[in-house]
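Report on one structure; see the data block that follows.
Every number in this text was worked out from the coordinates using simple rules, so none of it is lab data. Quantities reported herein were computed from a predicted structural model and do not represent experimental measurements. Positions of Cβ are generated from backbone atoms using ideal geometry, with glycine treated the same way; all protein chains shown enter the neighbour counts.
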Amino acid sequence: MKSLIRFFRKLMSPCQTESGITVVEVGATMLVFLTALFAVAEMGWFFVHQNTLTSAVREGIRIGTVGATSVDGNGNALSRENSIKQAIQQSAAAVMDIESPNIFIFPVDADWTDPDDPAVVGMASAGGAGAFMRVRVNFTHQFFTQLIGGFFGTGDTIVMSSEGTYRNENFILGGGS
C-alpha cells in the first residue's frame, strides 16, 4: 500500500525541473514571432514595389501627356513610346527592374475599356494630340518565402500591375522638350 501511495504522490507532484518545458515554450513562441516578422517584411517589400510601380507609371504618363521625347545614353532622340518607357524604367530603377516588354501603351475605347484586339494593346502607340491613352506596367514580384507567397496563389511570385489613363495635350508631334 505504501508503494501505491508513493507512486500517486510522485505522479501528482510537479516536476522537479522545468527546463524542458521552457524550451518547448520558447520554440512555440519563436515560431509565431518569426512567422509574423517575415510576414511584415514580405508585405513591406510588396507595398514598396506596388508604390514604386504606381509612381513610375505616373512619371511615364507625365511624359506622354505633353508629347515630350527624351534621348538615350548616346544622345539619340527616342520615340514618344520609348521616351515613356524610359521614364518608367528610370523612375523605378532604384527598387525594381522593369523590362520594356512589360510596358504597354495603347489607346482606350470610347467607354474607357481596353480594346478588344490584343494587337492594339501590344502595339505601343502613344497616340496623337487629344487622344485618350492608357499606360499599363506589369511586374513579377518575387516573395522572400513561399510561406507568405502561398497566400497570394501558387508559387513564390505574383504579377503586379499598375495603369493610368490620360489624354494627350494638343501638342505638335516632333516638337519634343
Fully extended contour minus Cα-Cα distance, from A36 to N51, at 0.36 nm per residue: 3.2 nm
Helix 80-92 axis, angle to the chain major axis (alpha carbon atoms, nearest 10°): 30
Degrees, to the nearest 10: 2-12 long Cα axis against longest axis of the chain: 20
Fewest-first sequence of I88, I63, I5 by Cβ atoms within 10 Å of each Cβ: I5, I63, I88
Coil-residue GluC sites (Glu not before Pro) of the range 49-107, DSSP, other Cβ within 10 Å capped at 12: E99
Ranked D111, D72, criterion: other C-beta atoms within 10 Å, fewest first: D111, D72
The chain - mean residue ellipticity at 222 nm from DSSP helices (-39,500 (n - 2.57) per run, n ≥ 4, rounded to 500): -15000 deg cm²/dmol
Read-out Rg and Dmax of the Cα atoms in Å, derived from the coordinates shown; its label in [x] 28.7, 108; [y] 28.6, 116; [z] 15.9, 50: [x]
Exposure proxy order (Cβ contacts within 10 Å, fewest to most) of L4, L34: L4, L34
Spin-label pair A77/T113, simplified geometry with 7 Å Cα→Cβ offset, distance in nm: 3.9
With Cα atoms, 0 to 90° folded angle of helix 19-66 axis to the chain main axis: 10
Prolate/oblate/rounded label for the range 57-144 (Cα gyration tensor, a/c 1.5): oblate
